[in-house]
1. When the C-alpha atoms of segment 102-210 are aligned to their principal axes, what extent does each axis show, in angstrom, from largest down?
2. What would the Debye equation give as log₁₀ I(q)/I(0) for segment 48-90 at q = 0.30 Å⁻¹, counting only Cα atoms as equal point scatterers?
3. Stretched out fully, how many nm does the piece from Lys161 to Asp176 gain, at 0.36 nm a residue minus the Cα gap?
4. What is the percent of Cα-Cα separations in segment 25-115 that go past 18 Å?
5. On a straight-distance basis, which aspartates and glutamates could pair with Lys190 in a cross-link, Cα separation under 12 angstrom, same-chain partners fewer than 8 positions away excluded?
6. When N counts the residues of the chain, how does its alpha-carbon radius of gyration compare numerically with 2.2 N^0.38 Å, as a ratio?
7. When N is the residue count of segment 153-214, what does its C-alpha Rg come to as a fraction of 2.2 N^0.38 Å?
8. Can you pull the percent of Cα pairs in segment 26-76 with separation above 13 Å?
Amino acid sequence: PTAMREVYLEPPKVRWTDIGGQDEVKQSLREAVEWPLKHPEIMAELGITGTKGLLLYGPPGCSKTLTAQALATEAGLNFIAVKGAEILNMYVGESERAVREVFRKARAASPSVIFFDEIDAIGSAREGGQSNGVNVLTTLLNEMDGIEMLRGVIILAATNKPEILDPALMRPGRLDTILYVGPPDQLARKDILRIKMNKMKISEDIDIGELAERMEGHSGAEIVSICDKAGHGAMKDSLRDGKIRPITKLHFESALEKVDRQITPT
Ligand code: ATP
C-alpha cells in the first residue's frame, strides 16, 4: 500500500537542539514519553498512567514534524510516520488494513512512536468527507484503545485544523494531551536563525536580532526559506566573481521581499 512508503523504522536524526524555541512543547513531550519509559515504578507507586497519545496543532511550517522526529531520536524510539491523506486515498478496505498495519509495525518495533501527520484527513471523517472515512476513523480509534499503557508505543498526531477533528479522538486514553505549536516569537526566531546560520557562511554585517525582528509573523519554515534564498544570492555573486562570497545583509534584504507571510494576516 502507498502509505507504507512513509514508514521509517530508522529514526531521522533530529535533535531537540535543532528546533528553535518551543521549550514548553519539548518539555511536555519529554515528560509524556520519558517518564513512563524511565520511571515506570514511580508512576506505578503513584497509581498514575501516562498519556499514550498527544496532539500537536498549529499553523503550517512551525515544527510539528521536526518535533515528532526529535522526540524519536532523543528518546531512542523507532519512528513510524504516516500521512492521513495517504491512508484515506486508498481503495475500500485498504485504508483500514493500512491503519492496522501501522499499529502492528509500531508494536513490533516498540519502543516506538507513530506519527500521524494531517490527522484531520482521517479524524474529521465522520462529518461528510469521503465515504470510507467512518470506517477508517473507527479502525483508528479501536487501534488506539488497544495499546496497553507502558507497552512502549506512543501516538503523536499533527494538524493545522484542530477544530474539525472528531472529539472522539481526544477522549481520555486517546489523544488526550493537546499541545499548541505556534509561530516563533522573537527569541525563537533568533534561535532558528542561529541554528540555520551555523551551517552557512555568513558575513559580519549580519545582526541576528535585527533580522529576527524583521521576520515577525513568519513561520520557522519561512525563516529557513529566507536564509536559503539569501544564500542563493551569495551563490550568484560567488559565481560571478569567481570566488566564494559570504551571505550579506543585502542578500537578506532581497530574500525578505521574496517570502510572504502565510500564517499571519498581513
Ligand atoms: P506542516 O503543518 O506544514 O506539516 P510542520 O509544523 O510539521 O508543518 P515542519 O515540517 O516541522 O513543520 O517544519 C518545516 C521546516 O521548517 C523544517 O524542516 C525546518 O527546516 C523549518 N522549521 C520550522 N520550525 C522550526 C524551528 N522551530 N526550528 C528550526 N527549524 C524550523
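The values are calculated or read from the model by the stated rules, or taken from the named source; none is laboratory data. Keep in mind it's a predicted model, so treat the numbers as computed, not measured. Methodologically, a virtual Cβ is constructed for each residue, glycine included, from the backbone with ideal geometry; neighbour enumeration extends over all protein chains shown. In case anyone asks, the SASA skips ligands and DNA or RNA and just uses the protein heavy atoms, side chains included. Shrake-Rupley method; radii C 1.70, N 1.55, O 1.52, S 1.80 Å.
1. The Cα atoms of segment 102-210 stretch 58, 34, 23 Å along their principal axes.
2. Those come out to -1.15, one per q.
3. 3.8 nm
4. Working: 2202 of 4095 pairs.
So the pairs more than 18 Å apart make up 54 percent of the total in segment 25-115.
5. Counting by Cα, and skipping residues close in sequence, Lys190 has these aspartates and glutamates nearby: Asp207, Glu210, Glu213, Glu216.
6. Taking N as the residue count of the chain, the ratio is 1.14.
7. Details: Rg = 18.3 Å, N = 62, 2.2 N^0.38 = 10.6 Å.
Dividing the Cα Rg of segment 153-214 by 2.2 N^0.38 Å gives 1.73.
8. 62
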